[in-house]
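S.K.: Sharing a structure here in structure tokens format.
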Amino acid sequence: MKIVIPDDRPKLEITLHDGSVVTLSPVLKTDREFFEKGIEELSLESRFSRFGQGVSSLSEHELDYLSDVDQRHHVAWGAAIGDEVAGVGRYIVDEAGCAEMAVTVLDAMQRRGVGRVLFEALVAVARADAIHELYFEAQADNEAVMNLVSGIEVTPFVTDGYIERRIRLAELPTSTHDEAMVSVIDEVRRQRTQGSQPR
């Protein structure tokens with residue numbers, strides 16, 4: 001799925017382990033069409049992993065929910081490699097001040113490190129916002145999710161075949177990109193407050 005990221009849009013480029021460059025940019029309302037089309041590029045297995053069922057399309061409400069985010073209580077990053085959409089990562093802050101996290105990488109872009117970079121971006125912003133814990137649910141046999149948190153200490157809770165894993169951010173090392181990631185989100189927040197958000 002092709003994408004052109006405007007020059008004036010806040011973004012960050014990171015080199016992956018295979019030498020390719022991934023561009024991270026906070027999700028904006030204008031990204032709605034990419035969620036609508038992106039689900040077509042997920043395998044049935046990936047759709048079950050992300051949505052809990054093999055959905056073939058998203059409702060208008062779901063599309064609005066995924067794309068119209070405030071980047072404070074609902075933080076979302078998009079990822080692209082070249083002119084191709086690669087994935088998205090997001091977290092939503094709950095009433096306890098923790099945040100539920102989800103990372104989705106398109107099938108054609110998997111096993112390149114995109115998910116890990118999205119995860120690091122979420123952690124960087126959450127830590128800057130004084131969020132102490134991220135958590136997510138996954139089926140016990142979800143290899144992609146297990147690879148995403150490989151080497152990270154997590155606390156698992158198993159219910160009905162799903163595993164809820166909690167990650168304490170204080171126990172995670174910082175990455176070399178943390179400061180830049182937070183700066184990009186802060187710029188989008190500033191533009192949103194001023195009503196000058198880019199496309």
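S.K.: When Lys and Arg each count +1 and Asp and Glu each count -1, what net charge do the other residues less than 9 Å away from PHE136, Cβ to Cβ, add up to?
M.R.: Net charge in that neighbourhood comes out at -1.
S.K.: For the range 75-124, what is the largest minus smallest coordinate of the Cα atoms on each principal axis, given in angstrom and ordered from greatest to least?
M.R.: Each principal axis gives a Cα extent; for the range 75-124 these are 37, 18, 17 Å.
S.K.: Kindly state, to the nearest 0.05, the FRET efficiency for ASP83 paired with LYS29, given R0 = 30 Å and r defined as their beta-carbon distance.
M.R.: Given R0 = 30 Å and the Cβ-Cβ separation, E is 0.90.
S.K.: What full-extension length gain, to one decimal in nm, is calculated for TYR65 and ALA108 as 0.36 nm per residue of separation minus the Cα-Cα distance?
M.R.: That works out to 13.0 nm of additional length.
S.K.: While we're here: 7 Å from Cα along Cα→Cβ at both ASP18 and GLU187: what's the point-to-point distance in nm?
M.R.: Distance between label points: 2.7 nm.
S.K.: Follow-up. Taking the highest mean first, how do the peptides 113-125, 69-81, 25-37 order by number of other beta carbon atoms within 10 angstrom per residue?
M.R.: Per-residue mean Cβ counts within 10 Å order the peptides as 113-125, 69-81, 25-37.
S.K.: Suppose R0 equals 22 Å. What FRET efficiency, 1/(1 + (r/R0)^6) with r the Cβ-Cβ distance, do ALA130 and PHE157 give to the nearest 0.05?
M.R.: 0.40
S.K.: Could you calculate the FRET efficiency of ASP8 with GLU100 from 1/(1 + (r/R0)^6), where r is the beta carbon distance between them and R0 is 35 Å, rounded to 0.05?
M.R.: Working from the Cβ atoms, E equals 0.65.
Bear in mind that the values in this text are calculations on the coordinates, not laboratory data. Source: prediction; values computed, not measured. A quick note on method: Cβ atoms are made from the backbone with ideal geometry, for glycine too, and the neighbour counts reach across all protein chains shown.
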